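> Could you have a look at this structure, given as structure tokens, before my questions?
The values are calculated or read from the model by the stated rules, or taken from the named source; none is laboratory data. Predicted, not measured: the structure shown is a model, and the values here were computed from it. Using ideal geometry, Cβ is built from the backbone for each residue, glycine included, and neighbour counts are taken over all protein chains shown. The protein model used for the area step is the full one, side chains on, heavy atoms only, and it has no ligands, DNA or RNA in it. Shrake-Rupley method; radii C 1.70, N 1.55, O 1.52, S 1.80 Å.
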Amino acid sequence: VQLQASGGGLVQAGGSLRLSCAGSRNIFSHNLMAWYRQAPGKQRELVAAITRGGSTNYADSVEGRFTISRDNAKNTVSLQMNNLKPEDTAVYYCNKWALRIGAINYWGQGTQVTVSS
């Protein structure tokens, strides 16, 4: 299993970033892929999820600001983040969706997003 997220960086509040994640075909064969994030001192949380067919779901905190997408042929999933807020600061990871985040036993490399006020 391989997963690598990229595209993070330092941005001012109100700015935008686009995250990308590439992985092996076996993990992208899952119907549901997701983006998660973990802020310092906090538990990892679900940000957004998408099915192979393109149906999406978002955490209330990012609804209307973030857009998740995937390319099934290229085994990639992306996260367009607009109107970023300081509270979006976290390390972002992509992975398959799971009812319990703790049940996921492999996490690839995340990407740091820092939003300054």
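> Pop out the ³J(HN,Hα) list for region 68-74 in order, Karplus 6.51 cos²θ - 1.76 cosθ + 1.60 with θ = phi - 60°, rounded to Hz; leave Gly and Pro as x.
Karplus-based 3J(HN,Hα) across region 68-74 equals 9, 8, 8, 10, 5, 5, 9 Hz.
> If you keep only loop residues by DSSP, which chymotrypsin sites (Phe, Trp or Tyr not before Pro) in region 83-117 have at most 10 other Cβ atoms within 10 Å of their Cβ?
Details: sites: 92, 93, 97, 106, 107; in loops: 97, 106, 107.
Here the chymotrypsin sites (Phe, Trp or Tyr not before Pro) that fit, given the DSSP loop and packing criteria, are 106.
> Among 39, 73, 98, which one moves the most in a GNM of the chain with springs linking Cα atoms closer than 10 Å?
73
> Tally up the carbon and sulfur contribution to the accessible surface of region 17-101 as a whole percent, 1.4 Å probe, everything protein left in place. Kindly include the intermediate steps, with their values, before the conclusion.
Details: 2050 of 4390 Å².
With neighbouring chains kept in place, the figure for region 17-101 is 47 percent.
> Only Lys, Arg, Asp and Glu count, each charged at its Cβ (+1, +1, -1, -1), so figure out the dipole size of the chain about its Cα centre, rounded to 20 debye.
Details: 12 positive and 6 negative charges, 62 e Å.
The calculated dipole for the chain is roughly 300 debye.
> Separate question: Treating cross-link reach as a plain straight distance, find the lysines whose alpha-carbon is under 25 Å from the alpha-carbon of residue 74, omitting any fewer than eight places away in the same chain.
96
> Can I ask one more? Put +1 on the Cβ of each Lys and Arg and -1 on the Cβ of each Asp and Glu in region 34-115; which of 66, 111, 81 then has its Cα farthest toward the positive end of the dipole?
111
> If each residue of separation counts as 0.36 nm, what is the full-extension length gain between residue 30 and residue 43 once their alpha-carbon separation is subtracted? Show your work: numbers first, answer last.
On the way: separation 13, 0.36 × 13 = 4.68 nm, distance 2.37 nm.
Full-extension gain reported as 2.3 nm.
> Under a point spin-label approximation (7 Å from Cα along Cα-to-Cβ), what is the residue 98-residue 60 distance to one decimal in nm?
Placing both labels 7 Å along Cα→Cβ, they lie 2.5 nm apart.
> Within 10 Å, at most 10 other Cβ atoms, and a DSSP state outside H, G, I, E, B define an exposed site. Report the longest part of the chain free of exposed trypsin sites (Lys or Arg not before Pro).
Working: sites that count: 42, 74, 100.
Longest run free of exposed loop sites: 1-41.
> Roughly what % of DSSP beta bridges within the chain run antiparallel, to the nearest 5?
Values: 34 of 39 bridges.
Around 85 percent of the beta bridges assigned by DSSP in the chain are antiparallel ones.
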